[in-house]
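Enquirer: Have a look at this one.
The values are calculated or read from the model by the stated rules, or taken from the named source; none is laboratory data. Just so it is clear, the model here is predicted, and its values are computed rather than measured. Glycine gets a Cβ as well: all are built from the backbone with ideal geometry, and neighbour counts include every protein chain shown. We work out accessible area using only protein heavy atoms, side chains counted, and drop any ligands, DNA or RNA first. Shrake-Rupley method; radii C 1.70, N 1.55, O 1.52, S 1.80 Å.
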Amino acid sequence: MTDPIVAFDVRPDEMDDIYRCATSRNCEIVTRPASLSAAVLADVPHTDAISILGNSKVDADVMKMLADRGVRYLSTRTVGFDHIDLDAAREYGVKVAHVMYPPNSVAEYTVMLILMTLRRMKLVMHRAGIQDFSLVGSQGKELGNSTVGIIGTGRIGTMVAELVKPFGSRILAYDPLPKDSLQGVVEYVDFDTLMRESDLVTLHAPAAPENHHMINAEAIKKMQPGSVIVNCGRGDLIEPEALIAALESGHLAGAALDVVENDLDYFHRDVRFGTIRHRNLVLLRSFPNVLVTPHIAFYTREVVSAMVEQSVDSLLELRKNGSSSFDVN
Ligand code: COI
């Protein structure tokens with residue numbers, strides 16, 4: 001008998017797609033809302049194939065535990081895989097796969113945050129909600145008259161460039177691997193030039209160790225006074241203390257952050273009545289010119305279906321062929 005696939009971190013909105021996949025692929029999928037841990041793993045049927053979200057942190061100890069229990073294939077229903085220790089996966093012989101859902105959801109959301117930041121929408125909406133219809137402090141800047149700096153021109157950064165282009169903005173881009181297909185859309189420049197010349201910097205680089213805190217005090221100092229940052233990439237691209245200092249001093253005019261460092265400790269959960277032990281998140285949320293959203297740029301009907309489908313398919317493919325189209329190791 002074939003082992004079931006066991007999926008952790010499962011949200012209710014994923015269940016329809018999970019049933020659909022189990023039926024159409026003729027496989028059993030056991031689901032758990034909890035994140036992966038020794039306790040929940042002890043409570044599920046034996047399996048060689050596991051699917052998780054970013055809420056499950058798979059460090060070397062967890063990876064060893066998985067391997068000891070016969071898990072050979074691990075798929076994350078996310079594009080990012082910075083929550084998985086790939087060295088440990090190699091050491092313990094666990095094959096890891098991720099998903100590559102279309103970039104549209106995050107790219108469209110980024111453009112929305114770009115416009116909302118330039119038009120000071122947090123302040124405008126808050127005021128309108130309390131019947132303060134005054135204009136003071138709400139004057140915006142036009143996107144078409146702005147220089148937009150895109151850091152990272154992978155699939156999402158590329159789509160952001162293509163969506164922003166018709167507004168008429170000057171678009172600068174920085175990426176160690178420039179793309180020929182973006183000729184005529186962006187002007188590739190070095191990191192310092194991008195930081196110096198952009199009115200708005202939007203981050204789409206992966207959470208690789210070399211990108212950790214790439215937006216630090218030194219980088220922010222290079223930015224023009226009054227410029228803004230948008231981050232729909234990964235929280236740890238920005239050194240939060242440096243961002244907070246630049247907002248406090250007024251050097252930066254604002255930010256829109258769909259991600260902050262260690263955001264999944266709190267995001268995607270209702271913590272209204274809990275204590276938030278994440279001072280940077282609390283501080284950032286408190287600024288009238290900083291829009292914080294809960295790592296939700298990905299969250300569309302289309303993407304949730306793709307996340308589930310691709311994760312299940314890669315586990316089935318790994319079982320059959322030992323490799324899949326979405327392998328990361
Ligand atoms: C990803 O797919 O990498 C994401 O950032 C979305 C995830 C947090 C559900």
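Enquirer: Give me the percent of the accessible area of region 222-295 that comes from carbon and sulfur atoms, probe 1.4 Å, all protein chains in place.
Expert: Working: 1750 of 3430 Å².
The C+S portion of the solvent-accessible surface of region 222-295 is 51 percent.
Enquirer: Roughly how big is the chain's charge dipole about its Cα centre, with Cβ charges of +1 (Lys, Arg) and -1 (Asp, Glu), in debye to the nearest 20? Don't skip to the answer; put the middle values down first.
Expert: Details: 32 positive and 43 negative charges, 143 e Å.
That gives a dipole near 680 debye.
Enquirer: Further question on the same structure: Expressed as an acute angle from 0 to 90° and rounded to the nearest 10, what is the orientation of the C-alpha long axis of helix 104-118 relative to the principal long axis of the chain?
Expert: So the inclination is approximately 30 degrees.
Enquirer: Using all alpha carbons of the chain, what is the percent of pairwise distances in each 20 Å bin, ordered from the shortest bin to the longest?
Expert: Going from the shortest bin to the longest, the percentages are 30, 53, 17, 0.
Enquirer: If you don't mind, another one. Expressed as a whole percentage, what fraction of the accessible surface of region 1-117 belongs to carbon and sulfur atoms when a 1.4 Å probe is rolled over the protein heavy atoms?
Expert: On the way: 2830 of 5140 Å².
The computed percentage sits at 55.
Enquirer: I need the shape label for region 74-152. Rule: rounded when a/c is under 1.5, else prolate if a/b > b/c, else oblate, with a, b, c from the alpha carbon gyration tensor.
Expert: prolate
Enquirer: For Leu252, what residues show an amide H to amide H distance below 5 Å, using hydrogens built from the backbone and excluding near sequence neighbours?
Expert: Amide H neighbours of Leu252, under 5 Å, 5+ apart: Gly226, Leu247.
Enquirer: Once you order the gyration tensor axes a ≥ b ≥ c over the Cα atoms, which shape class does region 144-220 get: rounded for a/c under 1.5, otherwise prolate or oblate by comparing a/b with b/c? Spell out each step's value before the answer.
Expert: Details: a/c = 1.90, a/b = 1.31, b/c = 1.45.
Note, shape of region 144-220 comes out oblate.
Enquirer: Any idea of the accessible area per residue across region 178-294, 1.4 Å probe, to the nearest Å²? Display every interim value, and only then the final one.
Expert: Values: 5670 Å² over 117 residues.
Computed with neighbouring chains in place, this is 48 Å² per residue.
Enquirer: May I ask you to evaluate 6.51 cos²θ - 1.76 cosθ + 1.60, the Karplus curve with θ = phi - 60°, for each residue of region 312-329 and list the ³J(HN,Hα) values in order in whole Hz, giving x for glycine and proline?
Expert: Running phi through 6.51 cos²θ - 1.76 cosθ + 1.60 with θ = phi - 60° gives 5, 5, 5, 5, 5, 5, 4, 4, 6, 10, x, 8, 9, 6, 10, 5, 10, 9 Hz.
Enquirer: While we're looking at this one, here's another question. For region 5-121, what does the accessible surface come to per residue with a 1.4 Å probe? Please give it in Å².
Expert: On the way: 5050 Å² over 117 residues.
Computed with neighbouring chains in place, this is 43 Å² per residue.
Enquirer: Using only the Cα atoms, what convex hull volume per residue in Å³ does region 1-94 have?
Expert: Details: hull volume 8.9 nm³, N = 94.
Spread over its residues, the Cα hull of region 1-94 gives 95 Å³ apiece.
Enquirer: Moving to a separate point now. Whats the longest run of the chain with zero trypsin sites (Lys or Arg not before Pro) that are DSSP loop and have at most 13 other Cβ atoms within 10 Å?
Expert: Result for the longest clean stretch: 1-268.
Enquirer: Also, quick follow-up: Output wanted: per-residue J couplings in Hz (rounded whole) for region 296-306, from phi through Karplus 6.51 cos²θ - 1.76 cosθ + 1.60, θ = phi - 60°, x for Gly and Pro.
Expert: Computed from phi, the couplings for region 296-306 are 10, 4, 6, 7, 10, 3, 4, 6, 4, 4, 5 Hz.
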